[in-house]
1. Sort out which residues of the stretch 109-123 are touching a residue at least 40 places away in the same chain (Cβ under 8 Å) and open to solvent by 40 Å² or more (accessible area, probe 1.4 Å), and write them in order of number.
2. Looking at (1) of a type in the set (D, E, K, R); (2) within 23 Å of Q156 (Cα to Cα); (3) in contact with a Leu (Cβ under 8 Å, 6 or more places away or on another chain), which one does R109 not meet, given that it meets all the others?
3. Looking only at the stretch 220-240, decide whether some residue is modelled with pLDDT of 95 or more, more than 17 Å from A129 (Cβ to Cβ) and touching a Lys or Arg at 6+ places or on another chain (Cβ under 6 Å).
4. Any residue at all in the stretch 127-138 that is within 22 Å of Y258 (Cβ to Cβ), among the β-branched types (V, I, T), over 14 Å from the mean Cα position of the chain (by Cα) and surrounded by fewer than 19 Cβ atoms within 10 Å (Cβ to Cβ)?
5. Select from the stretch 94-108 the residues that are assigned to a strand (DSSP E or B), open to solvent by less than 40 Å² (accessible area, probe 1.4 Å) and at pLDDT 95 or above and list them in ascending order.
6. I want to confirm something. Restricting to the stretch 299-308 and keeping residues that are within 15 Å of K217 (Cα to Cα) and crowded, with 22+ Cβ neighbours inside 10 Å, which single residue is nearest to the chain's Cα centre (by Cα)?
7. Tally time: how many residues in the stretch 242-298 are open to solvent by 20 Å² or more (accessible area, probe 1.4 Å) and hydroxyl-bearing (S, T, Y)?
8. Out of the stretch 79-93, which residues are more than 17 Å from S166 (Cα to Cα) and part of a loop (DSSP other than H, G, I, E, B)?
Amino acid sequence: MDSRGTAVLRVVVAVLVLASVGTAVAVGRAEVSPLATPPKDAGNPPTELPVTTLPPEPIPSTTAPAAPAGPPKAMVSPSGVVLPVIGPEGAAWRVRTPCGNQTVIGNGRPVTQAMVVIDPGHGGEEPGAVSEEHALNEKEVNLGVSRELAKTLELQGISSVLTRYSDHRVPLTARAEVAKAMQPRAFVSIHHNSEPDGPFSGPGAETYYQHRDPESKRLAGLILEELRQTFAILPVTWVGDSDAGAKMRVNSNGEDYYGILRHTNGIPGVLSEAAFVSNPDEAKLLRTVEFQRLEADAMARAIVRFFNTRDPGSGFVDAYPRQSPAGSGGGNKGCVDPPL
């Protein structure tokens, strides 16, 4: 068994122990590399996983090991709001707020570089997909996985910044402005799905890429490959869309269907829909820190491969056409800036 298999197995064993004693104690990350490959027979986790919780997540104090000196490209406010920098203002910085306004901030964490911009989808009054049965909102899962991904990337020496570190609304244009300010090597928007077409033979993970960017396509294939391989060992009753896979979708104007991919054009970007919040089996998993870490580690492996290899990825499919609007969320209408 290789090291990634050991990591997955330790998570499974930890969950089994928790289930047997009926606790909800958080399990620490296994002390093994998150970049190895899981086995095909890592054991059978229970059908119901306990909900685990962590204390409120502090805002990271650094962006990456050995970040270069220079003016910040963004500031992270004390409340976790990410603000692209417009320019200096005396001893402070003029920044752009999520709603497109300008203000001056003198405190907070300066971000001078980020190799990856991680975008936790939804937030604030936009919960995303909801599982009422399991009291689970997509926005919370997106943020949890994003935090875990940032931690894992930092261990690999890869700097990152999130588009939000707390639960507040961020329009799509503001998320894209963070990416444009940082000019990362990759942009990953983390989401979780709902309304599947029906039962699926394996994990119904989906990734979307920018239709004119071959590097975006490669990253989408790598993320899908790692997600499927990691999730496949779990005995879950999976659901999915009939066109599940790595794909691109265009709108009636021939542009990328999803706004976050349109607005970040020029930066290799991927929108990930790793699992279905609306599927009871998957919702039970998504509520746990352990599963969020597995998902984040899979994404980190894909990003490391994207940076260090020319691996093409796999699982590419043709998306079925969809001309209706992608959703009502993400716009600027009625936007109110969160406290900084």
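1. Of everything in the stretch 109-123, those that are touching a residue at least 40 places away in the same chain (Cβ under 8 Å) and open to solvent by 40 Å² or more (accessible area, probe 1.4 Å) turn out to be Q113, M115, H122.
2. (3)
3. yes
4. Yes, because at least one residue in the stretch 127-138 is within 22 Å of Y258 (Cβ to Cβ), among the β-branched types (V, I, T), over 14 Å from the mean Cα position of the chain (by Cα) and surrounded by fewer than 19 Cβ atoms within 10 Å (Cβ to Cβ).
5. Residue satisfying the conditions is V95 alone.
6. Among them, the one singled out is M299.
7. 4
8. G90, A91
The values are calculated or read from the model by the stated rules, or taken from the named source; none is laboratory data. Predicted model only: the values in this text are computed from it and were never measured. Backbone-built Cβ (ideal geometry, glycine too); neighbour counts: all protein chains shown. Side chains are part of the model used for accessible areas, which takes the heavy atoms of the whole protein and leaves out ligands, DNA and RNA. Shrake-Rupley method; radii C 1.70, N 1.55, O 1.52, S 1.80 Å.
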